[in-house]
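What follows is a set of notes on a single structure, which appears directly below.
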Amino acid sequence: MDKPSHLSVVIDLSLTQWTLCAQSTNPPGITLQDFLSQLLAFLNAHIACKDENTLAVFGAFPGQSVMLYSSTGEVTTTTAESTDANTYRPFRTLDSTIMSSIAERLDSYDGMTEEAPIGLVGCLTKALCYINRTITTALSSSQGGEGAAASVDPRILVLSVSPDQSSTYIPIMNSIFSAQKLKVTIDVGKIFGAENVFLQQAAHLTGGAYVQVERADALLQYMMMSFLPAPAIRQLISVPTQDRVDFRAACFCHKRIVEVGFVCSVCLSIFCQPVPVCSTCRTKFPMKTLQRLRDARPLAAPPGNAPPRPPVQKNGTTTPARPG
C-alpha cells in the first residue's frame, strides 16, 4: 500500500437478527460469538498491513449507535488487560476494547420485550464525521494542503444482518451524498437475510463492493479477499461486483419501498400516489395534472394467470378468442 488507509467498520448488532442467523439451517448461519472472532482477525489484519493505518469501529445497537474502538484512543475500557508476551499489544488492546464494549451494551438489553430499530444511520453519520475530522486534521498539519488530502484513503465497511428500514431512506441517501463529497468508499457485507436495497445503492454510488455472504463459515475469507484491499489496489485485482442493483426508493408519505412513484418537480420528494400538496415544500399542483397522473397509474395485475381474452364478435355470433 502506497498510502495509509483508514477503515471505519459499522457492525449490525441486532439481537433478534443474530438469533435468527444462528438458528438458520438453509443456508447455515453463524453465531454472534463466531462472527466476532472472525471480525477481530480481519481488523488485526488491517492494522498489520501498515503502521500508519487507522481504524474506527461503530456498533449499531437497537435504538442507539456507539463507537466501540478508535485508533486515536477515544474509547477506553475499564477492564484490566492481561499481559501476554506472545501477543502483539495493539492487537490485544483492540480485541479487549471491542469485546468488553459490546458485552457491556448487550447486557443492558436483558429483559427487553420489543427491539427498537438499529442505529445504522447514526453509525454512518458518526463514521463520516470521524473521517471528516481525520481529513481536516491532516490538512491543518500539512503545509501543502492537497498533499495531505491525497494521503488519506478513507472507507467504510458495513456488516449487516437486518432487513431494510424504509423510514431510514432519506438519512441513508444523505449519508451517501456526503460520502461521495468526501470521496469515501462504502463496502457492504450482507451476512444474513435478503439483500438490502439501500445498502446496495450505497455501495454502487460510492464505488464500493456489495457482497452477499453465501457461506457464513467462510466469512473471514470473504472479508480478506473483498474488503481488506484498499480502493486504490482494487483496480489491479478482481473484486466481486454487483450484477444488478435495486434502485427502488421509499416514498416520503408512508415510508414504503415503491417501484413506481411520483416525484415533486420542486424538491424531488417521492410519493406513492399523486398528492395535491407536497408535504415537504408545500407546493400545490394543478388539478388537471393530478387527474392525468391518476389516470396514468399502472393497474395492478391480478394474482395468478392473466385474465382470459373477451369473446370475439364474428358474423353476429360470439366465438371464443384464440389463445396466444
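For this structure, a couple of remarks:
- Under 5 Å, built H, 5+ apart or other chain: amide partners of TYR210: VAL188, GLN242
- Dipole magnitude (debye, nearest 20) for region 189-288, charges at Cβ of Lys, Arg, Asp, Glu: 560 debye
- Full extension of the chain segment joining ARG244 with GLN180 gains 21.0 nm, where the gain is 0.36 nm per residue of separation less the Cα-Cα distance.
- With a threshold of 31 Å on the Cα-Cα distance, the over-threshold entries among LYS181/LYS284; LYS181/LYS255; LYS126/LYS284; LYS50/LYS190 are LYS181/LYS284; LYS126/LYS284.
- Accessible surface of MET287, taken over heavy atoms with a 1.4 Å probe and every protein chain present, rounds to 130 Å².
- Each label was represented as a point 7 Å from its Cα along the Cα-to-Cβ direction; for GLU259 and ALA48 these points are 4.8 nm apart.
- THR72 versus THR19: modelled label distance in nm, points set 7 Å from Cα along the beta carbon direction: 3.8 nm
- In order along region 191-205, phi translates into HN-Hα couplings of 8, 8, x, 6, 5, 8, 5, 5, 6, 4, 5, 4, 5, 5, 6 Hz, rounded to whole numbers, per the Karplus curve 6.51 cos²θ - 1.76 cosθ + 1.60 with θ = phi - 60° and x for Gly and Pro.
- These residues, GLU214, GLU52, go from largest to smallest accessible area, 1.4 Å probe, as GLU214, GLU52.
- Length released on extending from MET224 to CYS129, taking residue separation times 0.36 nm less the Cα-Cα span: 31.6 nm
- Other-chain or far-sequence residues with amide H under 5 Å of GLY63's (modelled H): ILE118, GLY119
- Here's how it looks for CYS253: its modeled amide H is under 5 Å from those of CYS272, which are all 5 or more places away or on a different chain.
- Cα gyration tensor shape for region 132-271, rounded if a/c is under 1.5, else prolate or oblate: oblate
- Full extension of the chain between THR280 and GLN64 yields a length gain of 75.1 nm, computed as 0.36 nm times the residue separation minus the alpha carbon distance.
The values are calculated or read from the model by the stated rules, or taken from the named source; none is laboratory data. Source: prediction; values computed, not measured. Methodologically, a virtual Cβ is constructed for each residue, glycine included, from the backbone with ideal geometry; neighbour enumeration extends over all protein chains shown. SASA here: full protein model, heavy atoms, side chains in, ligands and nucleic acids out. Shrake-Rupley method; radii C 1.70, N 1.55, O 1.52, S 1.80 Å.
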